[in-house]
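A.B. asks: Before anything else, here's the structure in question.
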Protein chains: 2
Amino acid sequence: MSTTSDGHSIFERDLEPNAANHVPLTPLTYLAWAERVYGPRTAVIDGPQQFTYAQMAQRCRRLASALARRGIGKGDTVAVMAPNSLALLEAHYGVPMAGAVLNALNVRLAARELAFILDHGEARVLLTDREFSGVIGEALALMQGSRPLVVDIDPPHVDSGAQIGETDYDSLLGEGDPSFDRWMPDDEWDAITLNYTSGTTGNPKGVVYHHRGAYLNAAANVISFRLGPESVYLWTLPMFHCNGWTYTWAVTCAGGTHICIRRPDPALIFPAITEHEVTHLCAAPIVLNMLIHAPADVKRVFAHRVQVATGGAAPPSSVIARMEEMGFALTHLYGLTETYGPSMLCAWQPGLQEMPLEERSAFVARQGVPHQMVSDLQVMDPMDMSPVPADGETVGELMIRGNTVHKGYLKNPTASAEAFAGGWYHSGDLAVVHPDGYVQVKDRAKDVIISGGENISSLEIEEVLYSHPDIVEAAVVAVPHEKWGETPHAVVTPREGAELTAEAVIAWCREHLAGYKCPHYVSFGELPKTSTGKIQKYVLREQLRGESDEADNQA
Amino acid sequence: MSTTSDGHSIFERDLEPNAANHVPLTPLTYLAWAERVYGPRTAVIDGPQQFTYAQMAQRCRRLASALARRGIGKGDTVAVMAPNSLALLEAHYGVPMAGAVLNALNVRLAARELAFILDHGEARVLLTDREFSGVIGEALALMQGSRPLVVDIDPPHVDSGAQIGETDYDSLLGEGDPSFDRWMPDDEWDAITLNYTSGTTGNPKGVVYHHRGAYLNAAANVISFRLGPESVYLWTLPMFHCNGWTYTWAVTCAGGTHICIRRPDPALIFPAITEHEVTHLCAAPIVLNMLIHAPADVKRVFAHRVQVATGGAAPPSSVIARMEEMGFALTHLYGLTETYGPSMLCAWQPGLQEMPLEERSAFVARQGVPHQMVSDLQVMDPMDMSPVPADGETVGELMIRGNTVHKGYLKNPTASAEAFAGGWYHSGDLAVVHPDGYVQVKDRAKDVIISGGENISSLEIEEVLYSHPDIVEAAVVAVPHEKWGETPHAVVTPREGAELTAEAVIAWCREHLAGYKCPHYVSFGELPKTSTGKIQKYVLREQLRGESDEADNQA
């Protein structure tokens, strides 16, 4: 090493960071940049409301200023209960611009869950869209801590729901100074948002994001999905879901346009696509299914191609094919609340478009490779943290490391320590690595079925079930079995009008799976889901246990 | 603020960074990512040499390992004297992977300047392309410090130049371990490269880049120029110039392909564009001029569009028009060694493409708006650091702040302190802000002509001169004048075969400029340039002073 007389490298002398060359990373700078570079361009359209970047930035500064004047500052939580909308988008800037932490609430939650979150997150302010005043009123009554300042959001195109707040959003903005000198984090590690996991079991956990991670994950989205100033992003994915996988900031980083719709309803989605020439959207496969099965008078034909990022479940080949026919191009993503949304994507490779559909679907069914700016991602044996071989068969736990992994769980150091054990974020998902390096998630660790000593992936059975032309939805869980310990039980929602028997379903599985993997039991009905649309397997297990208890009682 | 019993915000408790969620930003991860996601795709083509990302990553690990085995580590400088080539590209990864600092040398420098840089940067290893063994041999002899380990780079398609090293590049790679566990910075503030300014006066200064800035500026390039895995980047801009404006890392971040050519020669550029379907290149306007004026048998017709980033001087309308006719689309950039290259770009706005050429040229002649990831950029009065009004007329100094501003000057705390005074990087460039917020650089602070108390921008006169159909190059400097204090003197290089008189040039200026701005004197000839192609106005001033002394003597 080249050293100077004091023993330091020549590169460690007189080259300390200063205000000119070291600035905390924060997505707040994306809005400042968009205002400056694309000030007159349309930033956001929400029904009859439409604002340029110059206007939106001014509104966000008003919000920050109004919050600051009401005593909200660093470390305070501001909760928002709203669908994808102007106010919720603005809160992604205005709240952190005041130094506060944004907690976007899942609008599908029940009052009890909302009360828990408002208490746990210690919300000092709650912005709430009129549409949800009923459930919010109940939640406020159920709270144990002190009531936050309640601000009604009252969009001009919504007329349902009472006003329950001390003031309303427009009045709050009116209190603020449009030239407010935005707060900037001293440290990019400062918290920016708080996102509660949907919690398939127990109380939801509060996942804390920091400015650095939000900045980087948004940039990674811009890079992966090639967003630019002409991009038009349709808000089908909820903004309360990982801050819309950080697209709330990414679209602004690119100088693109946000189009808000209040529900991911085909009757809103198709007209928005044609009217605004939408270029990008994100949606769970269930929304894609709704688009495919939308009535003819709702569907629209459009000449351009819409890029769709989908995640939460692998899109089946029929979905890929029918979406492509309608003008969409799919990319399969994998993400978690704990990773700011996307942490893997099934990156396209040369020649993929020319592959036969079945082969292409098999390719796209994998979750893929690390998202840009994820530093490392491995499938490992959690016992010794050794990576599994890339054989497409050996199952390990998916572990992630990088700047787009959350800070930890709020007021839950035990859960944080468990999640970060060994210096990796433990996703709890079981996966394999294929010879081409692409990762495929096989199951949640706790959803594996152990039958006769063999591990059976419930996802693998579900994929076979989904490929049946008469099955719309399916879930497989373990049920106790005298001989095998556990055995798979499938619950299936058939296509309307289809005549499907348990025998036919089992026969279909026998055609496509090893015998020991085939469900012993099949039942039919609706599947229980979380407010974010995830199937609740623990509820299914309880229901099935109840049924078997009843059966026992009857026997 | 929500506080816990110890007085901290709830977001400041038990949420410290750990190995899972905080990783230093470094462009080394871009190569790791490209290897993993696009391993089998072509990373680089250099004449007959062509490697995939998997191969290139392996070669870079070999280089890092070989350097480490020879005792090179953190804080050591590795200099490289090479044209745009495989070895220089690999050094951008292999050198920092060993913890060392890359110093890419300007191949146009003279032996004395090279010796100064090798001494000042304390190079411990020097990789040197055979083509430059003559000047490097001289430089080594002129060095005052200890001789570095000299390694010849001996590309298969180059057969000029002696071998002067202790070993050669291929042998060095042979010493290394292809599975070397790459070094990663403990701190993203660690130095990654050292770039000497071309130094229009005095000794060159060593500008130190850090991993964080290199990572972010590369990402900003990917975002601004929409690089992706199908991008093919042609290396016309020297890699020794701000590490190729950080495209050395940006193209890899996108998973694109690097095409190396040893000289920015139209006879190499056109065939490379058609053969490899180049999508992007960067080049100074002088290279664009060379492309426009290339002989017909050198020019190639291609169907696709090539994105060109150009900087250093505003592209005149004739250049824009003729480049567009040939299939290129231009974006005007502004950058400095001190800002990792690009810190502004003339972002396109809707409707620009439909504007008449003259109007569009006037738009594009401005340097524009901050590059993505520049935190702030202002034109300010350096006396009180107040921003100038956006009137297109009031001149101030361009000041920049952000993570893509360099660490400082090596072993020169005085110059660093001056450059960073008041918490802004002082560019030394004088500029105005137009009403639309676009910045236009008017002159280097020291190149302003003060005539009769009026400031005259030499750039403004040069633009008028460049618009003359018979003028290829022009520079204007101040010369002393008895009455006015200073007055402009233009030195002009006419088009070959043109018959141009001083009177005609002055008449042209009178048509397009206020009278007091018109040059009093015009002379004809070649312009003195630095090794990076910048016109050396101080040399011109000396030459003109010499001439005027001679004139005095003759009088």
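A.B. asks: With respect to the numbered conditions (1) at negative phi; (2) open to solvent by 10 Å² or more (accessible area, probe 1.4 Å); (3) at the interface with chain A (Cβ under 9 Å from one of its Cβ atoms), which one is the sole condition not fulfilled by B:Gln58?
C.D. replies: (3)
A.B. asks: Evaluate region B:94-102: report whether one residue or more is of a type in the set (Val, Ile, Thr) and either farther than 30 Å from A:Ala419 by Cα or more than 12 Å from chain A (Cβ to nearest Cβ) (or both).
C.D. replies: Just the residues of region B:94-102 that are of a type in the set (Val, Ile, Thr), to begin with: B:95, B:101.
Checking which are either farther than 30 Å from A:Ala419 by Cα or more than 12 Å from chain A (Cβ to nearest Cβ) (or both) leaves us with B:95, B:101.
Yes, because at least one residue in region B:94-102 is of a type in the set (Val, Ile, Thr) and either farther than 30 Å from A:Ala419 by Cα or more than 12 Å from chain A (Cβ to nearest Cβ) (or both).
A.B. asks: Quickly run through region B:75-106 and pick out the residues that are more than 16 Å from B:Asp152 (Cα to Cα), part of a strand (DSSP E or B) and hydrophobic (A, V, I, L, M, F, W, C).
C.D. replies: Of everything in region B:75-106, those that are more than 16 Å from B:Asp152 (Cα to Cα), part of a strand (DSSP E or B) and hydrophobic (A, V, I, L, M, F, W, C) turn out to be B:Val101, B:Leu102.
A.B. asks: Whether any residue in region A:157-170 is part of a strand (DSSP E or B) and either crowded, with 16+ Cβ neighbours inside 10 Å or touching a residue at least 60 places away in the same chain (Cβ under 8 Å) (or both) is what I want to check.
C.D. replies: Start the filter on region A:157-170 by keeping residues that are part of a strand (DSSP E or B), which leaves A:167-168.
Filter again for either crowded, with 16+ Cβ neighbours inside 10 Å or touching a residue at least 60 places away in the same chain (Cβ under 8 Å) (or both), leaving A:167-168.
Yes.
A.B. asks: Could you list, ordered by first residue, the pairs with Cβ atoms under 9 Å in which the first is in region B:294-311 and among the hydroxyl-bearing types (Ser, Thr, Tyr) and the second is assigned to a strand (DSSP E or B), at least 6 apart or interchain?
C.D. replies: If the second residue must be assigned to a strand (DSSP E or B), the pairs left are B:Thr310/B:Cys282; B:Thr310/B:Leu330; B:Thr310/B:Thr331; B:Thr310/B:His332; B:Thr310/B:Leu333.
A.B. asks: Would you mind stating whether A:Thr77 is of a type outside the set (Asp, Glu), free of Cβ contacts under 8 Å to residues at least 60 places away in the same chain and at negative phi? Steps first, answer last, please.
C.D. replies: Numbers: of a type outside the set (Asp, Glu): yes; free of Cβ contacts under 8 Å to residues at least 60 places away in the same chain: no; at negative phi: yes.
So A:Thr77 fails the test.
A.B. asks: Something else now. What residue, of A:Ala20, A:Ala100, is free of Cβ contacts under 8 Å to residues at least 12 places away in the same chain and of a type in the set (Gly, Ala, Ser)?
C.D. replies: Working: A:Ala100 fails: free of Cβ contacts under 8 Å to residues at least 12 places away in the same chain.
Just a single option satisfies the conditions, and that option is A:Ala20.
A.B. asks: Please name all residue pairs, on different chains or six or more residues apart, with Cβ atoms under 8 Å, provided the first residue is in region A:29-41 and is at pLDDT below 95 and the second residue is outside any helix (DSSP H, G or I).
C.D. replies: If the second residue must be outside any helix (DSSP H, G or I), no pairs are left.
A.B. asks: Can you tell me which of B:Leu63, B:Leu15 is in contact (Cβ under 8 Å) with a residue 60 or more places away in the chain and either open to solvent by less than 50 Å² (accessible area, probe 1.4 Å) or within 12 Å of chain A (Cβ to nearest Cβ) (or both)? Full working, then the answer.
C.D. replies: Values: B:Leu15 fails: in contact (Cβ under 8 Å) with a residue 60 or more places away in the chain.
So the residue among B:Leu63, B:Leu15 that is in contact (Cβ under 8 Å) with a residue 60 or more places away in the chain and either open to solvent by less than 50 Å² (accessible area, probe 1.4 Å) or within 12 Å of chain A (Cβ to nearest Cβ) (or both) is B:Leu63.
A.B. asks: Anything in region B:171-189 that is touching a strand residue (DSSP E or B) at 6+ places or on another chain (Cβ under 6 Å) and either within 14 Å of chain A (Cβ to nearest Cβ) or part of a strand (DSSP E or B) (or both)? List them, or say none.
C.D. replies: Within region B:171-189, the subset touching a strand residue (DSSP E or B) at 6+ places or on another chain (Cβ under 6 Å) is B:172, B:189.
Across region B:171-189, the qualifying residue is only B:Trp189.
A.B. asks: Out of region B:119-134, which residues are more than 23 Å from the chain's Cα centre (by Cα), buried (at least 16 other Cβ atoms within 10 Å of the Cβ) and away from chain A (no Cβ under 14 Å)?
C.D. replies: Residues satisfying the conditions are B:Arg130, B:Ser133.
A.B. asks: Related question: When you check A:Trp183 against the structure, is it at pLDDT below 95, touching a helix residue (DSSP H, G or I) at 6+ places or on another chain (Cβ under 9 Å) and of a type in the set (Phe, Trp, Tyr), yes or no?
C.D. replies: Numbers: at pLDDT below 95: yes; touching a helix residue (DSSP H, G or I) at 6+ places or on another chain (Cβ under 9 Å): yes; of a type in the set (Phe, Trp, Tyr): yes.
In short, yes.
A.B. asks: Mind telling me which of the residues B:Val388, B:Val374 ends up being surrounded by 23 or more Cβ atoms within 10 Å (Cβ to Cβ) and farther than 27 Å from B:Ala490 by Cα?
C.D. replies: Being surrounded by 23 or more Cβ atoms within 10 Å (Cβ to Cβ) and farther than 27 Å from B:Ala490 by Cα holds for just one of B:Val388, B:Val374, which is B:Val374.
A.B. asks: Of the residues that make up region B:286-299, is at least one under 30 Å from B:Gly428 (Cβ atoms), under 16 Å from the mean Cα position of the chain (by Cα) and in a strand (DSSP E or B)?
C.D. replies: No, there is no match, as no residue in region B:286-299 is under 30 Å from B:Gly428 (Cβ atoms), under 16 Å from the mean Cα position of the chain (by Cα) and in a strand (DSSP E or B).
A.B. asks: Residues A:Gly428, A:Gly335: which one is under 27 Å from B:Gly256 (Cβ atoms), modelled with pLDDT under 95, in contact with a helix residue (DSSP H, G or I) (Cβ under 7 Å, 6 or more places away or on another chain) and open to solvent by 10 Å² or more (accessible area, probe 1.4 Å)?
C.D. replies: Answer to the check: A:Gly335.
A.B. asks: Report, by residue number, each residue of region A:503-514 that is under 21 Å from A:Ser457 (Cβ atoms) and either hydrophobic (A, V, I, L, M, F, W, C) or open to solvent by less than 40 Å² (accessible area, probe 1.4 Å) (or both).
C.D. replies: Of the residues in region A:503-514, the ones under 21 Å from A:Ser457 (Cβ atoms) are A:505-514.
Residues satisfying the conditions are A:Val505, A:Ile506, A:Ala507, A:Trp508, A:Cys509, A:Leu513, A:Ala514.
A.B. asks: How many residues, within region B:111-131, are in contact (Cβ under 8 Å) with a residue 60 or more places away in the chain and of a type in the set (Asp, Glu)?
C.D. replies: Our first condition is that a residue be in contact (Cβ under 8 Å) with a residue 60 or more places away in the chain; within region B:111-131, this holds for B:113, B:116-117, B:120-121, B:131.
Checking which are of a type in the set (Asp, Glu) leaves us with B:113, B:131.
Residues flagged as in contact (Cβ under 8 Å) with a residue 60 or more places away in the chain and of a type in the set (Asp, Glu) within region B:111-131 amount to 2.
A.B. asks: Output the number of residues of region A:386-411 satisfying the condition of being touching a residue at least 24 places away in the same chain (Cβ under 8 Å), over 21 Å from A:Leu345 (Cα atoms) and more than 8 Å from chain B (Cβ to nearest Cβ).
C.D. replies: Of the residues in region A:386-411, 1 are touching a residue at least 24 places away in the same chain (Cβ under 8 Å), over 21 Å from A:Leu345 (Cα atoms) and more than 8 Å from chain B (Cβ to nearest Cβ).
A.B. asks: Could I ask something else about it? Look at region A:199-237 and say how many of its residues are under 17 Å from A:Leu333 (Cβ atoms) and away from every other protein chain (no Cβ under 13 Å).
C.D. replies: The number of residues fulfilling the criteria is 5.
A.B. asks: Here is a follow-up. Would you confirm whether or not region B:66-89 contains a residue that is more than 9 Å from chain A (Cβ to nearest Cβ), open to solvent by 50 Å² or more (accessible area, probe 1.4 Å) and modelled with pLDDT of 95 or more?
C.D. replies: yes
A.B. asks: Kindly indicate which of B:Ala490, B:Ala478, B:Ala498 is modelled with pLDDT of 85 or more and either outside any strand (DSSP E or B) or open to solvent by 60 Å² or more (accessible area, probe 1.4 Å) (or both).
C.D. replies: Numbers: B:Ala490 fails: either outside any strand (DSSP E or B) or open to solvent by 60 Å² or more (accessible area, probe 1.4 Å) (or both); B:Ala478 fails: either outside any strand (DSSP E or B) or open to solvent by 60 Å² or more (accessible area, probe 1.4 Å) (or both).
The unique qualifying residue is B:Ala498.
A.B. asks: Checking the conditions here, which among A:Leu31, A:Leu25, A:Leu109 is surrounded by 24 or more Cβ atoms within 10 Å (Cβ to Cβ) and not in a loop (DSSP other than H, G, I, E, B)?
C.D. replies: Details: A:Leu25 fails: not in a loop (DSSP other than H, G, I, E, B); A:Leu109 fails: not in a loop (DSSP other than H, G, I, E, B).
Of A:Leu31, A:Leu25, A:Leu109, the one residue that is surrounded by 24 or more Cβ atoms within 10 Å (Cβ to Cβ) and not in a loop (DSSP other than H, G, I, E, B) is A:Leu31.
A.B. asks: Still on this model: Only residues that are under 22 Å from B:Glu188 (Cβ atoms) and basic (Lys, Arg): list them for region A:5-58, please.
C.D. replies: Just the residues of region A:5-58 that are under 22 Å from B:Glu188 (Cβ atoms), to begin with: A:8-30, A:33.
Answer for region A:5-58, where residues must be under 22 Å from B:Glu188 (Cβ atoms) and basic (Lys, Arg): just A:Arg13.
The values are calculated or read from the model by the stated rules, or taken from the named source; none is laboratory data. The structure presented is a predicted model; accordingly, all values stated were derived computationally and were not measured. All Cβ positions, even for glycine, are placed from backbone atoms using ideal geometry, and neighbour counts span all protein chains on display. Note: areas computed on protein heavy atoms with side chains; ligands, DNA, RNA excluded. Shrake-Rupley method; radii C 1.70, N 1.55, O 1.52, S 1.80 Å.
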